[in-house]
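**Student:** The structure follows.
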Amino acid sequence: MARRGSQAPPPPPDFEENIVDVDVSDEMRGSYLEYAYSVIYQRALPDARDGLKPVQRRILYSMNEMGLRPDRGHVKCARVVGEVMGKLHPHGDSAIYDAMVRLAQPWAMRMPLVDGHGNFGSLGGDDMPAAMRYTEARLSREAMPMVASIDEDTVDFRPNYDGQEMEPDVLPAAFPNLLVNGASGIAVGMATNMAPHNLGEVIAAARHLIDHPEATLDELMRFVPGPDLPTGGKIVGLDGIRDAYQTGRGTFRTRASVHIENVTPRRKGIVVSELPYAVGPERVKAKIKELVNSKRLNGIADLKDLTDRNVGLRLVIEIKNGFNPEAVLAELYRLTPMEESFGINNVTLVDGQPRTLGLRELLQVYVDHRIDVVRRRSLFRRKKREDRLHLVDGLLVALLNIDEVIQVIRQSDDSAQAKQRLMEIFELSEIQAQYILDTPLRRLTRYDRLELEKEKEQLGREIAELTAILESEAKLRGVVSSELAGVAAEFATPRRTVLLESSGQAATAAVPLEVADDPCLVLLSSTGLMARTHDASPLPPEGARAPHDVLVSAVPATARGQVGAVTSLGRMIRVDVLDLPTLPPSATPPSLAGGAPVTEYVDLEQDETIVGIAAVDDVGGGLALGTEQGVVKRVVPDYPANRDDFEVIGLKEGDRVVGAVHLPSEDHDLVFVTTDAQLLHFSASLVRPQGRGAGGMAGVKLGAGARVLWFGAIDPAREARVVTVSGSSSALPGTQTGAVKMADFADFPAKGRATGGVRSHRFLKGEDTLIQAWVAPTPLRAASANGKAVPFNVELGRRDGSGEKLAKRIAAISGPVGPVDAGASDGSDAGGSSDG
């Protein structure tokens, strides 16, 4: 380079100046067209025959040449990228690795062609793949049909970018990869976006087209009704799919697969198990959080991503109480990527030219390609067998004339003369003569002659079969069809995406977002489960209920109202009805298997239990309470509105509430059963209402050492039974089954309040106390401590008769429970079982 200030050296003597004037617009136009053609043909658009872009084809071809097959070990992706870049692909390593990563992603490819080992990214691109120096890969099993028979002159090869290597123009592609795996790419002035399909369906359509070349689109769509996306989900509305199959362009909507379940005992949730194609959970979560923060989406309490490799995708969207999950789901579909549009644009290369093809044209191009591959393969195989047969014929001639051949060779001056004399004497070709000379003497045994004769017969049959295929178009098509069937049998999988004719938005939109304040019933079971019904309809007869648990309380309420849980320490705790799980309307509500434990809604002190539930704003007959020391109290609902926890009875020291019941009217009888087998019942009207802090009044007169075992209320107009279980006071609680007796409640005369009542059970030897008692309307239903049904076939006995030994311990008994509490016990969580 000349120094600053010095003159440039003169040009050489033979230098001729050649300056060409070119119009800049012409130069830009020509250069841009060359660039556009390069991008379209060499980078962005797939070939309609094998469905691959050049970089993808070069990756698969190079991995096959490197021997990276499914039965071999994985190798570093960097090694594959270097091989592809150094020999075939004149672009950067990042472009090659990105294409290789996509070939290995099961959420991007319906049939991944690369078996990746390591971090190859995540659904929706939320997590980037690891660098190629960390990941490993090999060809997948599904990729082997793509490169099968590539060494049998089935496709054309061309020089690479520097002319030192050869690469295939197209792969043999034993299945319609373009339709199965789809494609996307942006070229200059055009783009392609093709949806994945199910392998079995596509092959079935291709085989039908082979057998019926004039098949219509409607016939083919019987086999391929729509795309089958790798991530599953749902496609809603099929009109756009038919347009795409007809013209090559169309749009359809993909929707996440969800179901609604109880994600906690107190809340329902929307569980997302499949997302639309190319949508990741991070994108959905970010959009939901944005909508919630901006107040555009209501009703969502929490959002959790519980996705892992064992359960797969699990996105849990908890719904606030008071909101309809179906209505919230409709808003999620409308506002978030849980429902996305997919635009089909089937632009692909056919004979080097970009064309927009429908389903039939795509299948036809592939079928023509596959027929050409099988024809060229058959020609190649026949030529190889004919060449081998020619050598076998020459070797058989040598074996039949082995002595003369050896003599000719021994008498020849050199190998050239020996070859010439063999050709002249035995009428052999030059190739045959050379092959005889190259064959070791150990191959010229009698056994080898038999083997050669068998080989000649086999070669003759194979040549005849290949000739028949080449000479018959029908047989050629039959071979293509049978090979496709073999691929489908080996690799086809069930459809993942559900196709829906309509979106179903009209039905969903009719559901209000917030739950209406409709009447309902709040239920309490013997095992302490709470739930609410769908409406305020009376409960069905006991015989229509499922054999699980028994109901001991049913209180009228409204969906947005409250009920009170009464505890053994005389407290009432408000419970929002909206927080309670709703029993499905199709289920006859006997079973609260879908309920939630009452302890989910109230905080209890040590040894404190729930003894019943009551309405907090329905006056009726008020709330009736009975205590262990025989106190009775009636409270008219006039509870403080600003407190969720308050006292409803002032208890004496050592006393506790054993039963609490909501009275719809004063016409009901209040019933006490004591441990010394006394039963007292009197009208609720005899107990005047008192304030919350009052201690109540005398209810039943107790004998020495006795206590109240059961307290409840009975409608005197209904038939009822008294069930008592006797035992020994010296036995440990819960260790004895006892002796049971059942009597008609009508046999017990009413007595005045604060009296001792009448005897309800006669003790036998070894018995001195009642361990359990219930009074319930018929028919009766018994359950064990875990809520399982217990057969109750006790005969109706005398009022003061003795009991019969129980085979299995009963924890609770109840009858048909309507909007009236059936009664409560001495303090179990259920309110209907005793402490034994």
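**Student:** Which residues, counting only those in the stretch 92-110, are surrounded by 15 or more Cβ atoms within 10 Å (Cβ to Cβ) and not in a helix (DSSP H, G or I)?
**Tutor:** Q105, W107, A108, M109, R110
**Student:** Ok, one more. Which one of these does T493 not meet: (1) part of a helix (DSSP H, G or I); (2) at pLDDT 85 or above; (3) under 29 Å from the mean Cα position of the chain (by Cα)?
**Tutor:** It fails just one condition, (1).
**Student:** Yes or no: T778 of a type in the set (S, T, Y) and surrounded by 19 or more Cβ atoms within 10 Å (Cβ to Cβ)?
**Tutor:** no
**Student:** Still on this model: Can you find even one residue in the stretch 417-440 that is in contact with a helix residue (DSSP H, G or I) (Cβ under 9 Å, 6 or more places away or on another chain), more than 21 Å from R388 (Cβ to Cβ) and either charged (D, E, K, R) or not in a helix (DSSP H, G or I) (or both)?
**Tutor:** yes
**Student:** Separate question: Can you list residue pairs whose Cβ atoms sit under 6 Å apart, with the first residue in the stretch 724-737 being under 17 Å from A812 (Cβ atoms) and in contact (Cβ under 8 Å) with a residue 40 or more places away in the chain and the second being acidic (D, E) and surrounded by 14 or more Cβ atoms within 10 Å (Cβ to Cβ)? Count only pairs 6 or more apart in sequence or on different chains.
**Tutor:** Listed pairs, sorted by first residue: P733/D835.
A quick yes/no check of all residues on (1) out of contact with any helix residue (DSSP H, G or I) (no Cβ under 9 Å at 6 or more places or on another chain); (2) at pLDDT 85 or above; (3) more than 27 Å from G630 (Cβ to Cβ):
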position	(1), (2), (3)
G756	yes, yes, no
F763	yes, yes, no
E767	yes, yes, no
F792	yes, no, yes
S802	yes, yes, no
A822	yes, no, no
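**Student:** Kindly list the number of the only condition in (1) modelled with pLDDT of 65 or more; (2) farther than 30 Å from V708 by Cα that fails for R545.
**Tutor:** (1)
**Student:** Taking only the stretch 276-331 into account, find how many residues are surrounded by 15 or more Cβ atoms within 10 Å (Cβ to Cβ) and without any contact (Cβ under 8 Å) to a residue 12 or more places away in the chain.
**Tutor:** Final tally of qualifying residues: 1.
**Student:** Filter the stretch 779-806 down to the residues that are in contact (Cβ under 8 Å) with a residue 24 or more places away in the chain and within 46 Å of the chain's Cα centre (by Cα) and list them by number.
**Tutor:** P779, L780, R781, A782, A783, S784, A785, N786, G787, K788, A789
**Student:** Do you know which of the residues in the stretch 754-775 that are surrounded by 15 or more Cβ atoms within 10 Å (Cβ to Cβ) and small (G, A, S) is nearest to the chain's Cα centre (by Cα)?
**Tutor:** In this case the residue turns out to be A773.
**Student:** If you go through the stretch 453-472 one residue at a time, do you hit one that is at pLDDT 90 or above, part of a loop (DSSP other than H, G, I, E, B) and under 26 Å from P172 (Cα atoms)?
**Tutor:** Within the stretch 453-472, one or more residues are at pLDDT 90 or above, part of a loop (DSSP other than H, G, I, E, B) and under 26 Å from P172 (Cα atoms).
**Student:** Condition first: within 18 Å of E795 (Cβ to Cβ), in the same structural domain as K652 (by TED's automatic domain parsing), not in a strand (DSSP E or B) and not aliphatic (A, V, I, L, M). Can you find one or more residues in the stretch 692-707 that meet it?
**Tutor:** There is no residue in the stretch 692-707 that is within 18 Å of E795 (Cβ to Cβ), in the same structural domain as K652 (by TED's automatic domain parsing), not in a strand (DSSP E or B) and not aliphatic (A, V, I, L, M).
**Student:** Here's a check for you: in the stretch 730-754, which residue that is among the small types (G, A, S) and part of a loop (DSSP other than H, G, I, E, B) is modelled with the lowest pLDDT?
**Tutor:** If we take residues in the stretch 730-754 being among the small types (G, A, S) and part of a loop (DSSP other than H, G, I, E, B), then G734 is modelled with the lowest pLDDT.
**Student:** Please state which one of L52, L60, L68 is among the aliphatic types (A, V, I, L, M), outside any helix (DSSP H, G or I) and under 19 Å from L179 (Cβ atoms).
**Tutor:** So the residue among L52, L60, L68 that is among the aliphatic types (A, V, I, L, M), outside any helix (DSSP H, G or I) and under 19 Å from L179 (Cβ atoms) is L52.
**Student:** OK, next. Output the residues belonging to the stretch 793-813 that are in contact with a Leu (Cβ under 6 Å, 6 or more places away or on another chain) and either assigned to a loop (DSSP other than H, G, I, E, B) or surrounded by fewer than 13 Cβ atoms within 10 Å (Cβ to Cβ) (or both).
**Tutor:** Scanning the stretch 793-813 gives a single hit, S802.
**Student:** While we're looking at this one, here's another question. Which of the residues that make up the stretch 657-677 are closer than 22 Å to V616 by Cβ and either outside the structural domain of S726 (by TED's automatic domain parsing) or part of a strand (DSSP E or B) (or both)?
**Tutor:** V657, V658, G659, A660, V661, H662, L663, L670
**Student:** Also, quick follow-up: So for the stretch 215-226 (the condition being within 19 Å of the chain's Cα centre (by Cα) and outside the structural domain of G125 (by TED's automatic domain parsing)), does at least one residue qualify?
**Tutor:** Checking the stretch 215-226: not a single residue is within 19 Å of the chain's Cα centre (by Cα) and outside the structural domain of G125 (by TED's automatic domain parsing).
**Student:** For the stretch 599-656, which fully contained strands (runs of 3 or more DSSP E) count at least 2 residues that are under 26 Å from L709 (Cβ atoms)?
**Tutor:** Strands (runs of 3 or more DSSP E) meeting the threshold: 610-615, 622-627, 631-635.
The values are calculated or read from the model by the stated rules, or taken from the named source; none is laboratory data. Predicted model, so just to flag it, every value in this text is computed and none were measured. Cβ: placed from backbone, ideal geometry, glycine included. Neighbour counts: every protein chain shown.
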